[in-house]
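Step one of this worksheet: look at the structure below.
The values are calculated or read from the model by the stated rules, or taken from the named source; none is laboratory data. Given the structure is predicted, the values throughout are model-derived calculations rather than measurements. When we count neighbours, we look across all protein chains shown, and the Cβ atoms used for this are built from the backbone with ideal geometry, even at glycine. Accessible surface areas use protein heavy atoms only, side chains included; no ligands, DNA or RNA. Shrake-Rupley method; radii C 1.70, N 1.55, O 1.52, S 1.80 Å.
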Amino acid sequence: MAMGEKKPYLVAILFQSITAGMFILSKAALNEGMNSFVFIFYRQLAGAIVLIVVVIFKRESLTPISSMALWKIFMLSLVGITLGFNVYGVALDYTSPTLAAASNNCLQPMTFFLAILLRMEKVKLRTIGGVAKVIGIMLCMSGVVTLALYKGPYLRPIVHHHLLDGSQQAHNHYSGDQNWVKGCLLMFVSTLCWALWYVYQAPVMKDCPSMLIFTTLQSLLSAIQTGAVAIAVERGIFQWKLGWDVRLIAIVYSGILTSAVGTNLMAWLLEKKGPVFHAMWTPLGLVITTLFSTFLLGEVITLGSVLGGIILVGSLYCVLWGKRKEEELKRLSIQGALKAEAEQHI
């Protein structure tokens, strides 16, 4: 395989590694006692600053957009970023990076389910692809229920000395079943927000001159929105102070690598290989997150988390397989129609 052919695979692995790092460092910052709403604001602010600098550096054409388009981007940022990430921050505080990575695998099935409800996509139950998609949605719901309601025995890590241990780690990991269930439900809500964000992104993007401007506007508007939420929720000046610690590292990492570098890597991957190829690598993020959160954070993995994660990965691949089968059927149908038309002209 030539280097050019390997590049999409390397980019996919890099993107999943960056995402896993975000989950782990975000949890480490929360373990240090950082308020989740303040953390999300700083993260979005850092990302917005980086993207604005990129726009200036690239001298991107600042074509005026309509007030209606700006309003749509504002609402998209509110639902997908401000609400989605703030709910995610609270959920992560109650649960673990492994759960966050596992829930990432149900984003595709949930996006597909919402597209059906909003009549943006149809399910053909008489085809094997349509049946596979429905099975994927059912597995997704089963995985969420398994994560929330079944813990099972703890799978103890081999290594007992951890680089990013936080002062509140014991509280977060052993805060009780009630907080764990609450965190799982909140993680489900945040994934639902992201699914809505994915569904409506393409229609809204049509009113924006470029992908970079669209992403930058979302980051800037979400920084303003998350700032307003953080100020309303947290008034203590201590939570807003940043020092040379894991909190600052997490903010800089999330703002630069996740928001700026990660977004561009994902856009390149979607353009070169399509959404199915990108989504197929999501389980790798779960594996990386599980391994490193165990060794770096000392996260205690439960059997329920492993089983729930496996079910969610299964749901993802069912939906992706179903989509591929439907695309193959559509392609064969078009080829058949073209062949029939060509024969008529002979």
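Loop-located chymotrypsin sites (Phe, Trp or Tyr not before Pro) across the stretch 216-265 with a Cβ neighbour count of 10 or fewer within 10 Å are W244, with loop assigned by DSSP. Relative to the longest principal axis of the C-alpha atoms of the chain, give the angle of the C-alpha long axis of helix 36-58, reported between 0 and 90° and rounded to the nearest 10°. Rounded to the nearest ten degrees, it is 50.
For a 23 Å ceiling on Cα separation, which of these pairs sit above it: K124/K330; K58/K272; K133/K182; K27/K272; K27/K273? Going by Cα-Cα distance, K133/K182; K27/K272; K27/K273 fall outside the 23 Å limit.
Rounded to the nearest 20, the Cβ-based charge dipole of the chain about its Cα centre (Lys and Arg +1, Asp and Glu -1) stands at 580 debye. Starting from the Cα gyration tensor of the chain, take the square roots of the eigenvalues, sort them a ≥ b ≥ c, and report rounded, prolate or oblate (rounded when a/c is under 1.5, otherwise prolate if a/b is larger than b/c, else oblate). Oblate. Note on D93: accessible area is roughly 50 Å² with a 1.4 Å probe, heavy atoms of protein only.
Which trypsin sites (Lys or Arg not before Pro) in the stretch 64-137 sit in a loop by DSSP (not H, G, I, E or B) and have at most 15 other Cβ atoms within 10 Å of their own Cβ? Sparse-neighbourhood loop trypsin sites (Lys or Arg not before Pro): R119, K122, K124, R126. Here the Gaussian network model covers the chain, with springs between Cα atoms less than 10 Å apart; of Y88, Y198, Y154, Y154 fluctuates the most.
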